[in-house]
Amino acid sequence: MKINVAKQKLLAGETVVGYSLKLPSLVVAEFMGRCGADFLYLDTQHGSWGEDSVIGGLAAVSSGPATPMARVSSNRFHRIGRLLDAGALGIIVPLVNTRADAQAAADACRFPPVGTRSYGTGRCLVYGDDYPEWINDQVFVAVQIETVEAVDNAEAILSVPGVDGCMVGPADLALSLGFPPKEAPQREEHARALERVLTACRNTGKIPGIDPGNIEQAARHGRNGYRFLVVGADLRMLSAAAAGGIRDMRQKLAG
């Protein structure tokens, strides 16, 4: 049996922190899996992972202590099943706007009689022949609440059995509210929407999560009650570090 450590921490009331992986690099995934993060999720929606590279990426993350997760490109039964068959222990489903959307996501993630996931072999059997016996309990299912419609339906969405929690997409939520994502931290309507999601999580007993894209904002949301926190992405971290290094070097050369 493979324990989903990140999920168990969340169920115990703890906060977990991790990164999203956009670059389809097995080496990056392996190193990031050993950085101390509670989880890493391979982003097949906005990242560059293909079907073959995802399998290697999940294997690379699994070589370390971080829980391997993945964001599916869309709320589609076969796409969710493929990521689970590849070994993801957590699934993040984008653009879940209604209870019906949430039900479809939850059902696709679990074997009958709990859900409708198709039974088959895949890389997931690396976890052991008993995989089908425990995965329904260990898989972590997070639906993304990232539109005004989703916020309005948050309690109905989160009340679906099999949905373990949510991950707010603050940038898409800002766009849905009618303003650029960079304005989100200063907009009162954005803060009210995030508070409504927290209230829905409290009322349903589900786990609130958010992906603000940087440590400062993630920490602020964590203090406000969000517990499933994405604190950055490999692509932005690499770009920022590279640009910072060149800038620092040029300053030093200038004396």
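The values are calculated or read from the model by the stated rules, or taken from the named source; none is laboratory data. This one's a predicted model, so the numbers in the text were calculated from it and none came from an experiment. Cβ atoms come from the backbone with ideal geometry, glycine included; neighbour counts cover every protein chain shown.
On the basis of being assigned to a helix (DSSP H, G or I) and over 25 Å from Ser176 (Cβ atoms), does Ala100 make the cut? Walk me through it before giving the result.
Working: assigned to a helix (DSSP H, G or I): yes; over 25 Å from Ser176 (Cβ atoms): no.
Criteria not met by Ala100.
Within the range 192-213, which residues are touching a Leu at 6+ places or on another chain (Cβ under 6 Å) and not in a helix (DSSP H, G or I)?
Once the filter is applied, which keeps residues that are touching a Leu at 6+ places or on another chain (Cβ under 6 Å) and not in a helix (DSSP H, G or I), the range 192-213 yields Lys206, Ile207, Pro208.
Which residue, of Val163, Val151, is among the β-branched types (Val, Ile, Thr), in contact with a helix residue (DSSP H, G or I) (Cβ under 9 Å, 6 or more places away or on another chain), under 15 Å from Thr98 (Cβ atoms) and not in a loop (DSSP other than H, G, I, E, B)? If you could, list the steps in order and put the result at the bottom.
Working: Val163 fails: not in a loop (DSSP other than H, G, I, E, B).
One residue alone meets the criteria, Val151.
Kindly indicate which of Arg79, Arg117 is in a helix (DSSP H, G or I), closer than 23 Å to Asp52 by Cα and of a type in the set (D, E, K, R). First the steps, then the outcome.
Details: Arg117 fails: in a helix (DSSP H, G or I).
Result: Arg79 is the single residue among Arg79, Arg117 that is in a helix (DSSP H, G or I), closer than 23 Å to Asp52 by Cα and of a type in the set (D, E, K, R).
Search the range 117-138 for residues that are over 25 Å from Gly165 (Cβ atoms) and pair each with any residue that is surrounded by 16 or more Cβ atoms within 10 Å (Cβ to Cβ) and among the hydroxyl-bearing types (Ser, Thr, Tyr) when their beta-carbon atoms are under 8 Å apart and the residues are at least 6 apart or on different chains.
Within 8 Å, the pairs are Leu125/Tyr131; Val126/Ser62.
Among the candidates Asp211, Asp152, which residue alone is among the acidic types (Asp, Glu), surrounded by 14 or more Cβ atoms within 10 Å (Cβ to Cβ), at pLDDT 95 or above and within 24 Å of Leu21 (Cβ to Cβ)?
On the way: Asp152 fails: within 24 Å of Leu21 (Cβ to Cβ).
Criteria check complete, one pass: Asp211.
Could you count how many residues in the range 227-255 are surrounded by 14 or more Cβ atoms within 10 Å (Cβ to Cβ) and on the phi > 0 side of the Ramachandran plot?
Matching residues across the range 227-255 total 1.
Could you tell me whether the range 214-226 includes any residue that is assigned to a strand (DSSP E or B), in contact (Cβ under 8 Å) with a residue 24 or more places away in the chain, under 20 Å from the mean Cα position of the chain (by Cα) and surrounded by 14 or more Cβ atoms within 10 Å (Cβ to Cβ)? Quick ask: steps written out before the conclusion?
Step one: list which residues in the range 214-226 are assigned to a strand (DSSP E or B), which gives none.
Within the range 214-226, not a single residue is assigned to a strand (DSSP E or B), in contact (Cβ under 8 Å) with a residue 24 or more places away in the chain, under 20 Å from the mean Cα position of the chain (by Cα) and surrounded by 14 or more Cβ atoms within 10 Å (Cβ to Cβ).
Only residues that are out of contact with any Asp or Glu (no Cβ under 8 Å at 6 or more places or on another chain) and not in a helix (DSSP H, G or I): list them for the range 166-191, please.
Cys166, Gly178, Phe179, Pro180, Arg187
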